[in-house]
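Undergrad: One structure follows; several queries about it will come next.
The values are calculated or read from the model by the stated rules, or taken from the named source; none is laboratory data. Note that the structure is predicted; figures quoted are calculated from it, not measured. With ideal geometry, Cβ positions are generated from the backbone for all residues, glycine too; neighbour counts draw on all protein chains shown.
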Amino acid sequence: MTKADILYERSLIEDQIREYTLCSRLQDITEAHPDAPAYSMRAGDGWETLTFAQARSEVLALAAAFAALGLEAGDAVTLMMVNRTEHVLADLGAVHAGATPISVYATLAPEQVTYIAGDSNAKIAVIGGADELARWQHALDQLPHLTKVIVLDPEACPSGDRFMTWDAFVALGRERHAADPALVEGRLRAVRPGDTATVLYTSGTTGNPKGVPLSHRNISYEVSAIERTSSLPDLGTQISYLTYAHIAERVLSLYLPLFKGSHVHFCPDLTQLSTVLREVRPVLFFGVPRVWEKIMAGLLAVMDTQPEEQQAQARAAMAAGVAYIEAGQNGATPPPEIVQAYEQADAALLSLVRSLIGFDRAGWLSSGAAPLSIEVQRFFAGLGLNILEVYGMTETTGACTVNTPTRYKLGSVGPALPGVELKIADDGEVLMRGPIGTSGYLNLPQATADLLDEDGWLHTGDVGTLDEDGFCRIIDRKKELIITAGGENISPANIENLLKEHPLVGQALAFGDRRPYPVALITLDGEAAPAWARTQGLTFTGLADLAEHPQVLAAVETIVTRANERLARVQQIKKWKLLPVEWSTQTEELTPKFSLRRRIIHSKYSDAIDLLYGD
């Protein structure tokens, strides 16, 4: 595609969204579908639902409540709650008051919470309950400008003027809005497309998080461009389960519904995701790679319990599914014989499996935030599910490249979003330019200068390639490439993804910088490993016990051997260590997006790494 074509696409979208704000979008979707279900929370065995008309009424009342508490246009409101209706209402209420909502990761340490509240000069915090209050206590002690804390759980709300229950906050808003609706109307009319709609703080792997301001225009362009590429129906169903401090969740379940009128079901407990999937049967679903890996591991564990004859039938049916999706890459039309084989497999088995896991209505399945293994992608292709990998970052308002239902390549992250320019720098770094790019980091001029060059190109920090069809492939983080003692450049993510293809493996970290060869630290999957062990007739007391079992160690040795067979000699794992623990956000090895905190792992397991090199 020529630059003229890209700019023409951009102009079409920009003309469409020229006057859009989140306030105008909520009003427009409410007027178009006032009685359509908007947000649903679990209530006993069923769901408690707000329509768009009810939701907008609550949003306007909360905007009035924020104003009554002294919040001015441009002020910051910090939010720390699980995914639930109140989180969305508070966020949009702040926007309608002219303020800037900032969702904060609930896994951050108190000192990091204090940093974010101080860096953003937050005036009000809205938090869930006792756990969140404990993380905010340090900020309350240090930051006098944080004048009001609204607590959702009334039993956890402390006494004193600085605190307020959610119920009291809602009651105040309804009273003030009824008395003077013109106040909020004036505030929301004053919001302009170029104003900041939110600031998201990147979780990062070291140091303090960086605040990324995103405007209403950034968001409107991103959502409109995704809408053009996804062919999603209006009033579809979806699930919100990732934190709203994550750009993907914000775009898909907070902002997209304001454009498409989709019905959001909240799943604040990740352990309930499989149950909610079967109930909601979403039309669209986004999963970080770890979620897809977990679903795959569960299905494989079930398949392993079936008689060999049924397993063989399943493998044959899935082979037809893979062939069908592979044959449709880059807009190609699958040959009739492949279509026929797929339709027969689909009727006999695949459609049933999709129904059992809740994906029988899914029209758009996607993955991002970290590389998705091609084997995971092929596994779901075998079920007739095309997981469309996307690529982007907070600084690009989410996805800047997307595979689409009609134009995709397995193993790639797709071509650039409509109207977005993409190029590869001389050192392999992926550069992006377009209306979805942030204006820079909050209060960090040097970091902003490093991010955005004088020609407007945003430097992603990722190394990638572009093929002749414009499809991008991400190789690794620029600063995370391993350079061995022999001077070889190696992608640790490539090695790690091969190891994680097997359901036994939960996480893996490849190491080898300035060392003679790569080694790996490996952890077992907390769900799949025990299930596998039971099918093998093993007795065990926990993961630590399994990590020492000879049969498990032999299985992991086979996994490493098979991964090495697909790697160049200099990339192959020479030694490895199976750890007796799981890595998680709570134990600090993973970011809230389930990415590896490499420097923390390097430090925490330095002795284990040294032993692998015989030091």
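Undergrad: Please name all residue pairs, on different chains or six or more residues apart, with Cβ atoms under 7 Å, provided the first residue is in the stretch 1-30 and is assigned by TED's automatic domain parsing to the domain that holds Leu252 and β-branched (Val, Ile, Thr) and the second residue is part of a helix (DSSP H, G or I) and surrounded by fewer than 16 Cβ atoms within 10 Å (Cβ to Cβ).
TA: Here the result reads Thr30/Ala53, each pair linking the stretch 1-30 to a residue that is part of a helix (DSSP H, G or I) and surrounded by fewer than 16 Cβ atoms within 10 Å (Cβ to Cβ).
Undergrad: I've got another one for you. Among the residues of the stretch 51-81, count how many are of a type outside the set (S, T, N, Q), outside any helix (DSSP H, G or I) and over 25 Å from the mean Cα position of the chain (by Cα).
TA: 7
Undergrad: In the stretch 250-307, which helices (runs of 4 or more DSSP H) lie fully inside it and hold 1 or more residues that are crowded, with 18+ Cβ neighbours inside 10 Å and of a type in the set (Gly, Ala, Ser)?
TA: 289-304
Undergrad: Given Glu454, Glu429, Glu496, which one is over 30 Å from Ala117 (Cβ atoms) and without any contact (Cβ under 8 Å) to a residue 12 or more places away in the chain?
TA: Answer to the selection: Glu454.
Undergrad: When you look at Lys123, is it under 30 Å from Thr21 (Cβ atoms), touching a residue at least 12 places away in the same chain (Cβ under 8 Å) and in contact with an Asp or Glu (Cβ under 6 Å, 6 or more places away or on another chain), yes or no?
TA: Yes; evaluated as a whole, the condition is true for this residue.
Undergrad: What are the residues in the stretch 82-100 that are outside any helix (DSSP H, G or I), in contact with a strand residue (DSSP E or B) (Cβ under 6 Å, 6 or more places away or on another chain) and either without any contact (Cβ under 8 Å) to a residue 24 or more places away in the chain or not polar (S, T, N, Q) (or both), if any?
TA: Arg84, Ala99
Undergrad: A follow-up question, please. Just to check your reading of the model, which residue among Thr460, Thr438 is surrounded by 15 or more Cβ atoms within 10 Å (Cβ to Cβ), of a type in the set (S, T, N, Q) and part of a strand (DSSP E or B)?
TA: Result of the check over Thr460, Thr438: Thr460.
Undergrad: Right, another one. If I ask for residues that are aliphatic (A, V, I, L, M) and either in contact with a Cys (Cβ under 9 Å, 6 or more places away or on another chain) or surrounded by fewer than 23 Cβ atoms within 10 Å (Cβ to Cβ) (or both), which ones from the stretch 114-138 would you list?
TA: Within the stretch 114-138, Ala130, Leu133, Ala134 qualify.
Undergrad: Starting from the stretch 365-377, take each residue that is more than 18 Å from Tyr324 (Cα to Cα) and list its partners that are of a type in the set (Ser, Thr, Tyr) and surrounded by 24 or more Cβ atoms within 10 Å (Cβ to Cβ), counting only C-beta distances under 8 angstrom and pairs at least six apart or across chains.
TA: Listed pairs, sorted by first residue: Gly368/Tyr391.
Undergrad: Does Gly368 qualify as being at pLDDT below 95 and either surrounded by fewer than 17 Cβ atoms within 10 Å (Cβ to Cβ) or in the same structural domain as Ala563 (by TED's automatic domain parsing) (or both)?
TA: Spelling it out, it is not the case that Gly368 is at pLDDT below 95 and either surrounded by fewer than 17 Cβ atoms within 10 Å (Cβ to Cβ) or in the same structural domain as Ala563 (by TED's automatic domain parsing) (or both).
Undergrad: Something else: Within the stretch 56-108, track down each residue that is more than 22 Å from Tyr20 (Cβ to Cβ), acidic (Asp, Glu) and touching a helix residue (DSSP H, G or I) at 6+ places or on another chain (Cβ under 8 Å).
TA: Glu86
Undergrad: Let me ask something else. Can you confirm whether Ala182 is in contact with a helix residue (DSSP H, G or I) (Cβ under 9 Å, 6 or more places away or on another chain), of a type in the set (Gly, Ala, Ser) and either farther than 25 Å from Thr85 by Cα or modelled with pLDDT of 95 or more (or both)?
TA: Judged against the criteria, Ala182 is not a match.
Undergrad: Could you say whether any residue in the stretch 543-554 is in contact with a helix residue (DSSP H, G or I) (Cβ under 6 Å, 6 or more places away or on another chain), in contact (Cβ under 8 Å) with a residue 60 or more places away in the chain and either among the hydroxyl-bearing types (Ser, Thr, Tyr) or closer than 20 Å to Met296 by Cα (or both)?
TA: no
Undergrad: OK, next. Can you tell me which condition Leu365 does not meet? The list is (1) part of a strand (DSSP E or B); (2) over 24 Å from Ala248 (Cα atoms); (3) of a type outside the set (Asp, Glu), and all the others hold.
TA: Leu365 satisfies all of (1) part of a strand (DSSP E or B); (2) over 24 Å from Ala248 (Cα atoms); (3) of a type outside the set (Asp, Glu) except (2).
Undergrad: Next question, about the same structure. For residues that are closer than 18 Å to Ser373 by Cβ and small (Gly, Ala, Ser), scanning just the stretch 478-533, find the one that is surrounded by the most Cβ atoms within 10 Å (Cβ to Cβ).
TA: Ranking the qualifying residues of the stretch 478-533, first place goes to Ala510.
Undergrad: Hey, does the stretch 328-335 have a residue that's part of a helix (DSSP H, G or I), surrounded by fewer than 17 Cβ atoms within 10 Å (Cβ to Cβ) and not basic (Lys, Arg)?
TA: Checking the stretch 328-335: at least one residue is part of a helix (DSSP H, G or I), surrounded by fewer than 17 Cβ atoms within 10 Å (Cβ to Cβ) and not basic (Lys, Arg).
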